[in-house]
Structure formats: structure tokens, C-alpha cells
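Worksheet: the structure to be examined is printed underneath.
The values are calculated or read from the model by the stated rules, or taken from the named source; none is laboratory data. Everything numeric in this text was worked out from a predicted model, so none of it was measured. All Cβ positions, glycine included, derive from the backbone under ideal geometry; neighbour counts span all protein chains shown. The protein model used for the area step is the full one, side chains on, heavy atoms only, and it has no ligands, DNA or RNA in it. Shrake-Rupley method; radii C 1.70, N 1.55, O 1.52, S 1.80 Å.
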Protein chains: 4
Amino acid sequence: MARPLSEEKRQALLDAAAEFVANLGTAASTAKIAKAAGVSEGTLFTYFPTKDDLLNQLFLEIETDLTETMLAPYPADDSAKERLFAVWNRLIDWGLAHATARKALRQLKVSDRVTVESRNRCHFMQRDARTLVEECLAGHAAPGRIAFYIDTILFDLADISINAVTAKPQESDAIRQAGFDLFWKGSAA
Amino acid sequence: MARPLSEEKRQALLDAAAEFVANLGTAASTAKIAKAAGVSEGTLFTYFPTKDDLLNQLFLEIETDLTETMLAPYPADDSAKERLFAVWNRLIDWGLAHATARKALRQLKVSDRVTVESRNRCHFMQRDARTLVEECLAGHAAPGRIAFYIDTILFDLADISINAVTAKPQESDAIRQAGFDLFWKGSAA
Amino acid sequence: MARPLSEEKRQALLDAAAEFVANLGTAASTAKIAKAAGVSEGTLFTYFPTKDDLLNQLFLEIETDLTETMLAPYPADDSAKERLFAVWNRLIDWGLAHATARKALRQLKVSDRVTVESRNRCHFMQRDARTLVEECLAGHAAPGRIAFYIDTILFDLADISINAVTAKPQESDAIRQAGFDLFWKGSAA
Amino acid sequence: MARPLSEEKRQALLDAAAEFVANLGTAASTAKIAKAAGVSEGTLFTYFPTKDDLLNQLFLEIETDLTETMLAPYPADDSAKERLFAVWNRLIDWGLAHATARKALRQLKVSDRVTVESRNRCHFMQRDARTLVEECLAGHAAPGRIAFYIDTILFDLADISINAVTAKPQESDAIRQAGFDLFWKGSAA
DNA sequence: TATGAATGAGATTTCATTCAT
DNA sequence: GATGAATGAAATCTCATTCAT
């Protein structure tokens with residue numbers, strides 16, 4: 001069965017793409033990405049039929065990673081607040097640990113080369129994560145606003161907070177706490 | 001002799017650039033922008049020596065407009081909360097009224113073609129706006145967190161809220177209020 | 001040990017090639033041809049060392065088929081005219097029955113990827129067919145022009161007539177007859 | 001009004017295209033064509049927005065030239081046959097004088113990159129030429145077959161004859177006459 | 001023998017910028 | 001100053017062919 005497609009190469013391409021997209025946006029050239037991944041220009045297209053495919057796969061890969069991170073088991077916490085804080089910290093930690101992926105994601109989110117379908121698929125994938133947060137907010141926030149808090153605020157607020165931590169790493173804990181406090185107190189019924 | 005360049009053409013170029021950058025990002029071509037502005041390809045470069053210049057000027061122009069909107073006189077309100085709510089509403093209203101400019105701004109903010117210098121200049125330009133908010137938050141928020149709330153949270157939260165309003169215009173008032181509540185309650189000491 | 005290459009696959013490749021060359025000319029890609037033939041890209045090259053080989057083989061295969069069709073036994077006719085009309089009808093029938101092959105042949109004939117050697121070999125192969133026609137024309141056409149009528153006119157005129165029949169199938173018989181009449185009367189001494 | 005498009009360059013591009021298409025078919029590369037025309041690769045696309053445009057323009061240009069050649073004034077001849085022979089000679093002469101254009105035309109005719117619209121436009125353009133021939137054939141050929149003789153046979157027969165003349169230039173006159181005789185006698189009612 | 005991943009040259013097209021008019 | 005033709009580097013993608021499996 002000839003040489004099989006190498007998962008290693010696929011990953012190297014996605015990694016290289018993340019790196020370049022983070023800095024150059026979707027204008028990052030396939031030639032540079034292929035070279036950085038250590039494969040020839042043509043090979044990129046055996047793994048991703050078009051550049052847009054590569055970008056969309058990259059988008060989904062990063063979002064998947066973030067979602068899985070959020071859903072990894074949590075210690076059995078007592079209070080809803082503590083559970084949500086754990087989630088919040090996961091978000092912040094992920095962002096700090098995946099600075100490049102996060103930058104790439106920002107670029108991809110504003111690009112119309114990431115299709116509506118990719119965005120929808122991503123939204124669907126995150127339904128468990130949303131449920132997780134929902135359970136933490138039930139009984140705390142006004143029921144009519146919970147959807148707004150989750151879909152609109154939480155992730156972006158985390159994003160903002162990560163930016164702030166990245167800019168001032170020495171104030172990491174304070175910012176992390178301030179961001180969470182804002183969300184928790186702000187969302188109280 | 002005064003500058004013989006036509007302010008009208010300059011503005012037409014910036015407007016056209018906003019339109020295209022909003023949709024295509026910084027990949028928008030100078031040829032298309034020039035055509036949409038009703039001038040020739042070459043003329044664009046007599047007004048903006050390079051494409052990066054155009055992009056940076058566009059960035060500054062939009063931020064300037066937003067800042068001036070925020071600083072326009074407010075009715076003498078009693079409470080800090082009411083004053084801040086007025087500011088908040090200005091932000092939301094501006095965003096709704098300048099959808100294209102806002103989309104362009106999002107693209108520009110994530111592009112490294114907008115220089116650090118432009119970003120700094122913008123930050124400096126907004127010092128009065130920050131002071132305005134600072135005065136509203138003094139006595140309400142914890143002093144140590146005020147800078148964080150202003151520099152990091154407020155504008156991005158407004159941005160997020162505008163997105164939400166744009167997505168569901170019929171819930172405009174509710175979202176507007178929910179966003180403000182979150183910020184106000186969340187930032188309380 | 002006999003040749004282990006599968007004649008079946010070879011034929012599938014030639015058939016697929018005919019199909020694609022008919023529509024895309026010699027720009028038809030080996031990958032598409034292989035896929036349509038149900039074999040892998042690499043396998044094509046075990047049957048035909050280069051793409052040019054494939055094209056030349058295809059050319060020869062089609063011409064061979066056409067030639068054999070012409071040479072299949074004829075009913076013992078009386079007149080030379082009737083015999084030639086039978087040949088003529090064979091040509092037309094073959095063209096109608098092998099539309100794809102004919103289209104492919106047209107493309108191949110104008111391509112310089114079909115070598116002079118292939119063309120010569122083809123010419124040599126058709127010597128019996130030419131003799132057949134020669135015998136029909138002897139005593140009818142001027143001796144000095146017979147070669148011209150056969151080598152230059154007859155096949156191309158048949159080709160033209162097939163085109164016309166294909167374009168207006170309902171007038172098939174009329175066109176067929178008109179074409180033959182033109183040749184027969186036109187070639188009379 | 002800046003530099004105007006240069007008719008000279010446009011023509012150089014078409015000439016270079018004819019040259020390469022004649023030999024390589026539509027696979028002739030735009031880079032080679034541009035270089036041969038003495039302009040940069042990019043310039044080709046200011047004159048022809050796509051390669052297909054170039055090919056279609058080339059097709060139309062050659063057909064136009066051929067048509068105009070056919071329609072140039074003829075000496076007032078007596079007989080229909082003499083008039084038609086004059087037309088025939090024009091066709092042959094044109095083909096001999098424009099060997100490259102003729103080869104290019106053959107390639108273009110079998111390519112599906114030349115659109116139906118171009119072919120239709122060409123057919124429309126040649127209506128006067130068809131009328132000219134029609135008048136020669138009226139009273140000579142069977143009325144029901146005249147369309148067939150003109151639309152299908154005449155031009156292709158001339159093409160065939162030119163091929164033959166090109167292959168054996170020393171027999172030019174004989175072939176020329178033989179071809180015409182075939183058509184004239186063959187088309188007699 | 002069969003497979004299909006890998007390759008890199010080459011194809012078409014776009015684009016920021018220059019410069020003749 | 002305004003124009004838009006000219007440029008050639010660079011971008012995405014295709015393809016015949018090779019070769020590890």
C-alpha cells in the first residue's frame with residue numbers, strides 16, 4: 001500500500017502553519033510553511049488540497065485542542081464558583097502555554113477564509129464545554145443572560161485576560177484573579 | 001502655498017480602504033481600493049507613499065473617530081454609574097453606526113502591518129478618554145484594578161457586546177444593558 | 001515466462017487516455033487517466049514509460065483499429081464505385097461508432113508529441129488500405145492524381161463528413177451520400 | 001492620460017502566441033509568449049486578462065485576417081467557376097503565406113479553450129464570404145447541398161490542400177488545381 | 001508488480017510600486 | 001498632480017515522474 005500519509009508530516013505542516021499565520025495572518029505563504037515543515041512545496045498539497053483547507057484544518061485543530069483542554073477531568077470541587085474558576089484557569093493556562101496557537105487563532109477568526117461551516121462545526125464541538133459552564137452559572141446568574149455570558153463573554157474575556165497576562169507576566173496571578181472576579185461578580189443575578 | 005493634495009481624495013481612499021480591509025483584511029489590493037475611491041492606481045501612492053502607510057493611517061483615522069466620539073460633551077449626569085453608562089452607550093452606538101470601520105479595525109489590530117508606533121500614538125491619543133472613565137470608576141472599583149479595567153477590559157467588552165448586538169439586533173437593549181451590568185458589577189470593589 | 005503485465009489494465013489505460021485526450025487534448029494529466037482506468041498513478045508508468053509513450057501508443061492503437069475496420073472483408077461487389085462506397089461507409093460508420101477515439105485522434109494529430117516515427121509507422125500500416133482504394137480508383141481517376149486523392153483527400157474528407165453527420169444526425173444519409181458523391185465525381189478523370 | 005496601451009505590443013503578443021501555439025498547442029506558456037514578445041510576464045495580462053482571452057483573441061484575429069483576405073476585391077470575372085477558382089487560390093495563397101497562423105488555427109480549433117461564443121462570432125463574421133461562394137455555386141451545385149459544400153467542405157478541403165502543397169511545394173500548382181477540380185466537379189449537380 | 005506519497009520545476013495570475021505621458 | 005501601463009517577484013497549485021513500501 002505504498003507509503004502511507006505521515007501523521008508526523010501533517011502535524012509538522014499544521015505547526016508550521018500556526019507559526020506563520022500567527023505572525024503574518026492568512027497571507028502566510030504555502031511555500032514558507034512547507035519549507036518550515038521540512039517538506040517540499042508540492043507535498044503540502046497532498047496533505048491539504050488547498051491553502052484554504054489548510055487554514056480551516058488549522059482553525060479546527062486549535063479549537064479542538066482548546067476544547068479538549070477545557071473538558072479534561074476536574075477535581076471534584078464543592079462550589080460552582082470554584083469549579084468555574086478551575087475552568088477559567090484552564091483557559092488562561094492554555095493560552096499562556098499555546099501563545100502561537102492563540103495568535104494564529106485570532107488571525108483565523110477574523111479571516112473570511114475560515115468558512116461558516118468550520119465555525120459551526122467548532123460551535124457544535126464545544127457544546128459540552130458550554131454545558132459545563134452552564135452548570136456552574138445555574139443558580140448564580142440570571143437565567144435569561146446565561147447564554148449571553150457563555151457564548152459571548154466568557155471566552156473573549158479569557159482571551160483578553162491572557163493578552164494582559166502576556167503583556168505583564170509578573171502580574172499574572174492578579175490579572176487572572178481580576179478577570180475572573182469581573183466575570184463572576186458581573187454575572188451574578 | 002497650501003498643500004495641493006485634495007482632502008476629498010484622501011478621504012475617499014481611506015473610506016474605500018476601510019470597506020475592502022473590512023472584508024478582505026490587509027490583503028485588500030491597492031488597485032481595488034484606488035478604483036473604489038475613484039482615483040487611479042498611481043494616485044493612491046501620491047497620498048500614501050506605501051500600502052503600509054495607508055493601513056496605518058486608516059487605523060489611526062478610525063481610532064481617532066472613535067476617541068472623538070467618546071469625548072464629545074456629555075449631559076451633566078449625577079452619578080458615576082450614569083456617566084459611565086453614557087460612555088458605554090456611545091461605544092455601542094459608534095460600533096453599530098460604523099460597522100465597516102469596526103470590521104476594518106479588527107483586521108488592522110491583528111495585523112503586524114500596523115506598527116507599534118501607530119499603536120502607541122493611538123494609546124496616547126486616548127488618554128483623555130481613559131481619564132474620563134477613570135473618574136467614573138474612582139470610588140467604585142478597587143484602585144489597583146482600575147488600569148486593568150480600562151486598558152484591557154472596557155473597550156474589548158464593548159466590542160464583544162457590539163458583536164452580540166449585531167448578531168441579534170432585536171435584543172439590542174437587553175444585550176447593551178447586560179454588557180454594562182457585567183462591567184459595572186464586576187468591577188465593583 | 002510470458003509478460004506478466006495485464007493486457008486488461010493496458011487497455012483500460014488506453015481507453016481512459018482516449019476519453020481524456022478527446023476532451024482535454026494532450027494536456028490530460030496522467031493522474032486523471034490512471035484514476036479513470038482504475039489503476040494507481042505509478043502503475044501507468046509500468047505500462048507506458050512516459051506520457052509521450054502513452055500518447056503515441058494511443059495514436060497507433062486508434063489508427064490500427066481504423067485500418068483494420070477498413071480491411072475487414074467486403075462483399076464481393078461488382079463495380080469499383082460500389083466497392084469504394086462500401087469503404088466510405090466503413091469510414092463513416094467507424095467514426096460514428098468511435099466518437100471519442102476520433103476526437104482523441106484529432107487532438108493527437110495536431111500534437112507534436114506524436115512523433116514522426118509514429119506517423120510513419122501508421123502510414124506503413126495503412127498500405128493495404130491504400131491499395132484497396134487504389135484499385136477502386138484505377139480506371140476512374142487520373143493516374144497522376146490517385147496518390148493525392150488517397151493520401152490527402154479521402155480520409156480527411158471522411159473526417160469532415162463525420163463531423164457533419166455528428167452535427168446533424170437526422171441528415172446522416174444525405175450527408176454521407178453527398179460526401180461520397182463529391183469525392184467520386186470530383187476524382188473522375 | 002498616462003501611457004496608452006500599445007497596439008504594437010498587443011500585436012507582438014499575438015504574433016508570439018501564434019508562433020508558440022502553432023508548435024506547442026494551447027500548452028504554450030504565457031511566460032514564453034511574453035518573453036518572445038519582448039514584454040514582461042505581467043504585461044501580457046494587461047493586454048489579455050487571462051490566457052484563455054489571449055487564445056480566443058488569437059483565434060479571432062487569424063480568422064478575421066483570413067476572412068478579409070477572401071473578401072478583398074476580385075477582378076470582374078466572367079464565369080462562376082473562374083470566380084470560385086480565384087477564391088480558392090486566395091485560400092491557398094493565404095495558407096502558404098501564413099503557415100504559422102494556420103498551424104496555430106488548427107490547434108485552436110481542436111481546443112475547448114476556444115469558446116463556442118468565439119466560434120459563433122467567427123461564423124457570423126464569415127457570412128459575406130459564404131455569400132460570395134454561394135453565388136459561385138448557384139446554378140452549378142444542387143441547391144440542397146450548397147450549404148453542405150460551403151460550411152463543411154470548402155474550407156477544410158482548402159486546408160487539406162494547403163497541407164499537401166506545404167508537404168510538396170514543388171507540386172504546388174498541380175495540387176492546387178487538383179483540389180479545386182475535385183471540389184468543382186464533385187459539387188456539380 | 002502495484003501503490004501512492006514525495007518531489008520540484010513550471011504554469012497562471014496578482015500585486016505594490018515606478019515612471020513615461 | 002494625475003494617470004495607468006509596465007514590471008518582475010511572489011503566490012497558489014499542477015504534474016510527470018520516482019521510489020519506498
Practice task
On a 0 to 90° scale, report how tilted helix D:99-109 is relative to the longest principal axis of chain D, with both axes built from alpha carbons and the result rounded to the nearest 10.
Solution key: 90 degrees
Fill in the blank from the handout: Helix A:51-71 sits off the longest principal axis of the Cα atoms of chain A, rounded to the nearest 10 on a 0 to 90 degree scale, by 30 degrees
Fill in the blank from the handout: Going residue by residue through region C:148-154, the Karplus relation 6.51 cos²θ - 1.76 cosθ + 1.60 with θ = phi - 60° gives ³J(HN,Hα) values, rounded to whole Hz and with x marking Gly or Pro, of 4, 4, 7, 5, 9, 8, 3
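Below 15 angstrom from the Cβ of D:Ala2, what's the summed charge of the other residues (Lys, Arg +1; Asp, Glu -1)?
Numbers: positive: B:Lys35, D:Arg3, D:Lys9; negative: B:Glu41.
Once positives and negatives cancel, what remains is +2.
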Fill in the blank from the handout: Of the listed pairs B:Lys109/B:Lys185; C:Lys35/D:Lys109; A:Lys109/B:Lys32; D:Lys32/D:Lys109; A:Lys35/C:Lys9, those with alpha carbons more than 30 Å apart are A:Lys35/C:Lys9
Problem - Spin-label model distance (nm) - B:Thr64 vs A:Ala167, 7 Å beyond Cα toward Cβ - result: 2.3 nm
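Taking the radius of gyration and the Kirkwood hydrodynamic radius from Cα positions alone, what is the Rg/Rh ratio for region B:149-188, to two decimal places? The partial results should precede the final answer.
Details: Rg = 10.2 Å, Rh = 10.2 Å.
Taking Rg over the Kirkwood Rh, I get 1.00.
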Handout entry: Simple spin-label estimate for A:Tyr74 and B:Phe45 in nanometres, 7 Å along Cα-Cβ
Key = 5.7 nm
Problem - Rg over Rh [alpha-carbon atoms, Kirkwood Rh] for region D:20-124 - result: 1.07
Problem - Summed buried accessible surface, chains B and A, 1.4 Å probe, nearest 100 Å² - result: 2200 Å²
Handout entry: Whole-percent carbon and sulfur share, accessible surface of region D:66-144, 1.4 Å
Key = 54 percent
Practice task
In Å and from the alpha-carbon atoms only, list the Rg and Dmax of the protein assembly as shown.
Solution key: 38.3, 120
Practice task
Calculate how steeply helix D:7-24 sits against the longest principal axis of the alpha-carbon atoms of chain D, using the helix alpha-carbon long axis, and give the answer as 0 to 90 degrees to the nearest 10.
Solution key: 70 degrees
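Roughly how many Å² is the accessible area per residue of the protein assembly as shown, as a whole number, for a 1.4 Å probe? List each step's numbers first, then the result.
On the way: 37100 Å² over 756 residues.
Ligands and nucleic acids excluded, the result is 49 Å² per residue.
Per-residue ellipticity at 222 nm for chain C, helices alone: DSSP H runs ≥ 4 residues times -39500 (n - 2.57), over residue total, nearest 500 deg cm²/dmol? Mind showing how you got there, number by number?
On the way: 10 runs with 133 residues, N = 189.
Result for chain C, helices only: -22500 deg cm²/dmol.
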Practice task
Have a look at region A:105-142 and report residues whose accessible surface goes down by 20 Å² or more when the remaining protein chains are included, against the chain on its own, probe 1.4 Å, ligands and DNA/RNA excluded.
Solution key: A:Arg106, A:Gln107, A:Val110, A:Asp112
Exercise for the section: May I ask you to find the residues of region C:9-34 that are shielded by at least 20 Å² of accessible area once the whole protein assembly is considered instead of their isolated chain (probe 1.4 Å)? Expected result: C:Asn23
Exercise for the section: Report the local net charge at A:Ala28: Lys and Arg +1, Asp and Glu -1, summed over other residues whose C-beta lies under 12 Å from its C-beta. Expected result: +3
Practice task
Would you work out the charge dipole size for chain D about its Cα centre, treating the Cβ of every Lys and Arg as +1 and the Cβ of every Asp and Glu as -1, and quote it to the nearest 20 debye?
Solution key: 460 debye
Handout entry: Rg ratio (alpha-carbon, reference 2.2 N^0.38 Å) - region B:51-186
Key = 1.06
Completion exercise
Reported to the nearest 10 Å², D:Trp94 has, with a 1.4 Å probe, an accessible area equal to 10 Å²
